[in-house]
Amino acid sequence: MENKKVIFSGIQPSGSLTLGNYLGAIKNWVKLQEEYDCYFCVVDLHAITVRQEPKDLRKNTLEVLAIYLASGIDTDKNTLFIQSHVSAHSEAAWLLDCFSYVGELSRMTQYKDKSQKQGDSIPAGLFTYPVLMASDILLYQTDLVPVGKDQMQHLELTRNIAERFNNLYSPTFKVPEPYIAKEGAKIMDLQDPTKKMSKSSENPNSYILIMDPPEVIRKKLSRAVTDSVGIVNYTDDQPGVKNLIDIICCIKGISTEEVVSQYANKGYADLKKDVAEIIVEELFPIQEKVKELLNNKAYLEEVYKKGAEKANYISRKTLRKMQKKIGFIQ
Ligand code: TYM
């Protein structure tokens with residue numbers, strides 16, 4: 001147990017989770033959980049960088065936790081917790097804010113995209129958010145961070161902040177590596193396959209939610225944008241079809257070549273229908289389990305309380321080290 005390398009990852013409870021969150025993050029976590037000492041967090045502090053309805057935030061936070069469990073994360077072997085229950089995250093974020101530069105934060109593409117939607121009132125938290133993410137990761141002396149491709153820039157920043165602090169004082173943080181799986185790293189929008197699938201899209205046909213009922217999944221897939229080539233190829237020139245192939249590969253664990261050869265004599269209608277069934281088959285058992293878990297609030301509470309206890313203990317150790325090195329009286 002002690003010698004295992006450490007994994008940290010998290011998902012924002014800022015709405016219902018998508019198939020992108022599942023294939024880009026959670027499905028890989030399930031695969032990695034035996035080999036690593038894992039911390040999987042519901043990052044509610046991150047979610048409030050954009051306005052949240054309090055009752056929705058409460059509901060979504062528990063739903064994300066239930067999805068982690070229903071997807072197969074084992075609570076005996078991993079630490080599952082809610083970020084706001086572990087105050088070291090907020091405290092470390094302030095400290096690291098003072099070691100991060102406005103210039104580097106201004107270059108974050110996610111900030112540029114999200115701030116554009118906020119008009120004149122851009123919350124400062126949206127700007128400093130990557131520093132909170134760095135704190136999440138660095139507090140646990142994390143070796144590996146399994147995420148989708150969109151988080152790569154934030155991870156590079158985390159590494160820079162860690163190295164800066166280590167060089168300024170003395171080694172304090174482990175410098176983490178990203179883990180981005182080949183398949184599922186970037187699941188695309190079903191209506192505009194040049195964009196990442198995201199829960200913030202205005203058109204619900206753009207995304208599949210983990211909790212979408214089977215008939216909704218089938219309908220959304222039947223409307224997925226493809227192209228006029230009419231042949232199932234895995235190429236950047238056919239981004240819609242490529243995305244559907246990626247989804248199959250990721251869920252089934254098969255290669256793109258295998259999928260392409262299976263559809264040599266078939267059209268897009270068959271492909272879309274099959275993708276819908278493959279997704280339904282994967283998600284339906286998870287959905288049933290999530291519903292069951294959400295009816296058992298006492299169990300969820302037991303899980304997140306136990307997780308917070310361990311996370312508090314571990315994160316405090318790093319926080320104290322930081323405080324001492326900075327020069328705070330202890
Ligand atoms: P978030 O909540 O936007 O997304 C959670 C995870 O899902 C992945 N993801 C995708 N992967 C593939 N295709 C997609 N279309 C897709 N959409 C989302 C994301 O890459 C991510 O892995 N800042 C993070 C949350 C965070 C975090 C952390 C992650 C906070 N602290 C510490 C790792 C470590 C975020 O907003 O992810």
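The values are calculated or read from the model by the stated rules, or taken from the named source; none is laboratory data. Since the structure is predicted, the reported quantities are computational estimates derived from the model, not experimental observations. Here the Cβ positions follow ideal geometry from the backbone for every residue, glycine too, while neighbour counts run over all protein chains shown. These area figures cover heavy atoms from the full protein model, side chains too; ligands, DNA and RNA do not enter into them. Shrake-Rupley method; radii C 1.70, N 1.55, O 1.52, S 1.80 Å.
Could you give the size of the charge dipole of region 68-209 about its Cα centre, using +1 on the Cβ of each K and R and -1 on the Cβ of each D and E, expressed in debye and rounded to the nearest 20?
Computed charge dipole of region 68-209: roughly 240 debye.
Taking only protein heavy atoms into account and a 1.4 Å probe, give the accessible area per residue of region 204-291 in Å².
48
Of the heavy-atom accessible surface of the chain (probe 1.4 angstrom), what whole percent is carbon and sulfur?
50
How many times 2.2 N^0.38 Å is the alpha carbon radius of gyration of the chain?
Normalised Rg, Cα atoms only: 1.03.
Remind me, relative contact order of the chain in percent, using alpha carbon pairs under 8 angstrom and six or more residues apart?
22
So how strong a dipole does the chain carry about its Cα centre when Lys and Arg Cβ are +1 and Asp and Glu Cβ are -1, to the nearest 20 debye?
So the dipole magnitude of the chain works out to roughly 840 debye.
Can you tell me which aspartates and glutamates have their Cα less than 15 Å from the Cα of K195? Leave out same-chain residues fewer than eight positions away.
D113, D150, D236, D237, D246
Could you calculate the FRET efficiency of A124 with A264 from 1/(1 + (r/R0)^6), where r is the beta carbon distance between them and R0 is 45 Å, rounded to 0.05?
The formula returns an efficiency of 0.25 here.
Among DSSP beta bridges lying fully in the chain, give the percent that are antiparallel, nearest 5.
10
Report the full-extension gain for the segment D56 to D237: residue separation times 0.36 nm, less the Cα-Cα distance, to one decimal in nm.
61.2 nm
For N60, what is the net charge nearby, where nearby means another residue's Cβ is under 13 Å from its Cβ and Lys, Arg count +1, Asp, Glu -1?
0
With an 8 Å Cα cut-off and a minimum separation of 6 or more residues, compute the relative contact order for region 85-234 in percent.
With pairs under 8 Å counted, the relative contact order is 18 percent.
How far, in nm, would the chain grow between D192 and S90 when pulled straight, counting 0.36 nm per residue and subtracting the alpha carbon separation?
Once the chain is fully extended between D192 and S90, it gains 33.1 nm.
Using a 10 Å Cβ count of at most 13 others and DSSP loop calls, identify the longest part of the chain lacking such chymotrypsin sites (Phe, Trp or Tyr not before Pro).
With a cap of 13 other Cβ atoms within 10 Å, the longest stretch comes to 102-327.
Suppose R0 equals 45 Å. What FRET efficiency, 1/(1 + (r/R0)^6) with r the Cβ-Cβ distance, do Y313 and V229 give to the nearest 0.05?
Calculated value: 0.20.
I'd like the orientation of helix 54-70 relative to the chain: the angle between its Cα long axis and the longest Cα principal axis, in ° from 0 to 90, rounded to 10.
With rounding to tens, the tilt is 70 degrees.
Below 8 Å between Cα atoms, with a sequence gap of 6+, how large is the relative contact order for region 204-291 in percent?
RCO, region 204-291: 34 percent.
Taking a probe of 1.4 angstrom, what is the accessible area of T49 in Å², to the nearest 10?
10
Against the longest principal axis of the chain, how steep is helix 152-168, in degrees 0 to 90 to the nearest 10, with axes from Cα atoms?
Long axis of 152-168 versus the principal axis of the chain: about 20 degrees.
Dividing the convex hull volume of the alpha carbon atoms of region 204-291 by its residue count, what do you get in Å³ per residue?
So the per-residue hull volume is 87 Å³.
How far is it, in nm, from the label point at K31 to the one at K77 when both lie 7 Å from their Cα along the line to the Cβ?
1.5
With r defined as the distance between the Cβ atoms of I326 and S115 and R0 fixed at 30 Å, what FRET efficiency is calculated, to the nearest 0.05?
Efficiency computed from Cβ-Cβ geometry: 0.50.
So which of K27/K291; K182/K321; K112/K291; K77/K112 end up more than 27 Å apart, counting from Cα to Cα?
K182/K321; K112/K291; K77/K112
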